Amino acid sequence: MSCHVRTSTHTHTHTHYLTCRLKRDFFRLDKDIFLVNVYARPHNSSDHSQQSVLQSGKEIINKVEEDINDLRELGEVILCGDLNARIGNRTGMVMHDSNHFVPMPEDYSPDEVSPRFSQDTMINTYGTHFLNLVKNNQLTILNGRTLGDMTGNYTSIQKQGCSVVDYFATSQTVNRDVNFMKVLDFTPFSDHKPLSMELRCKPMKLEFMRPLEDQYEQA
């Protein structure tokens, strides 16, 4: 399957993110799907000063937003990862969105606002930037509004307290094909709970697919 999933790594001084492309032909999708996995260091990182960490976090989220804006021209987007962004129960959607009074691009679909629930009621700086990112790119946050996580379960449990800082957010078209999104139990490998999402796609005709290692290309 490796020849049908292409990856590229974008590295920043303090934060990293990885982009994978799921090829529509192999997965029998209408469009390619770009999976963007992000990590942003927390505000209280001991490796750097408070100011430099805040700047790097803001910069990486802005850079991810720029890349997602470009990727949306090529296919659909799934954004996931540990953004250390706390957004309370904010919807991440444009309230009272409409194209009845202001001319909008033909491919623009107004947000159909749906409520979001979260066990975490706090909002931080990273959260504000994350909300701008999903609004500007019309991504739907799955946490707290999707089968499997209707209550917005905590994803990080620390000595200092609990929070929701790990997310899945998808393009509107992808959101219609999400079967569920779950916050799983702890593993020995992290102090964050893993997230799992199941995406519905057409049955693959594996007899016609011949993944060859020599066809693998870096994105």
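Side notes on the structure shown:
- Boolean, Arg41 is farther than 19 Å from Thr170 by Cβ, open to solvent by 40 Å² or more (accessible area, probe 1.4 Å) and modelled with pLDDT of 90 or more: no
- Per-region count, the range 86-115, residues open to solvent by less than 50 Å² (accessible area, probe 1.4 Å), part of a loop (DSSP other than H, G, I, E, B) and at pLDDT 95 or above: 1
- Residues that are free of Cβ contacts under 8 Å to residues at least 40 places away in the same chain and either surrounded by 12 or more Cβ atoms within 10 Å (Cβ to Cβ) or touching a Cys at 6+ places or on another chain (Cβ under 7 Å) (or both), drawn from the range 184-195: Leu184, Pro194
- Matching residues in the range 147-172 - criterion: being under 14 Å from the mean Cα position of the chain (by Cα) and not aromatic (Phe, Trp, Tyr): Val164, Val165, Asp166, Ala169, Thr170, Ser171, Gln172
- The residue of the range 50-85 that is surrounded by the most Cβ atoms within 10 Å (Cβ to Cβ), among those that are basic (Lys, Arg) and modelled with pLDDT of 85 or more, is Arg72.
- Contact annotation: residue pairs with Cβ atoms under 6 Å, 6 or more positions apart or on different chains, pairing a residue in the range 76-93 that is under 13 Å from Pro115 (Cβ atoms) with a partner that is of a type in the set (A, V, I, L, M, F, W, C) and outside any loop (DSSP other than H, G, I, E, B), are Gly88/Ile123; Arg90/Leu131; Gly92/Leu131; Gly92/Val134; Gly92/Ile141.
- Restricted to the range 129-181, the set of strands (runs of 3 or more DSSP E) holding at least 2 residues that are closer than 25 Å to Asp67 by Cβ and open to solvent by 10 Å² or more (accessible area, probe 1.4 Å) comprises 166-171.
- Pairs with Cβ under 6 Å, 6+ apart, first in the range 15-41 and under 25 Å from Leu83 (Cβ atoms), second assigned to a strand (DSSP E or B) and among the small types (Gly, Ala, Ser): Thr19/Ser8; Asn37/Gly81; Val38/Gly81; Tyr39/Gly81
The values are calculated or read from the model by the stated rules, or taken from the named source; none is laboratory data. Only a predicted model underlies this, so the values are computations on that prediction, with no experimental measurement involved. Heads up, the Cβs are rebuilt from the backbone with ideal geometry, glycines too, and the neighbour counts pull from every protein chain shown. Protein only, heavy atoms only, side chains kept; ligands, DNA and RNA dropped before computing areas. Shrake-Rupley method; radii C 1.70, N 1.55, O 1.52, S 1.80 Å.
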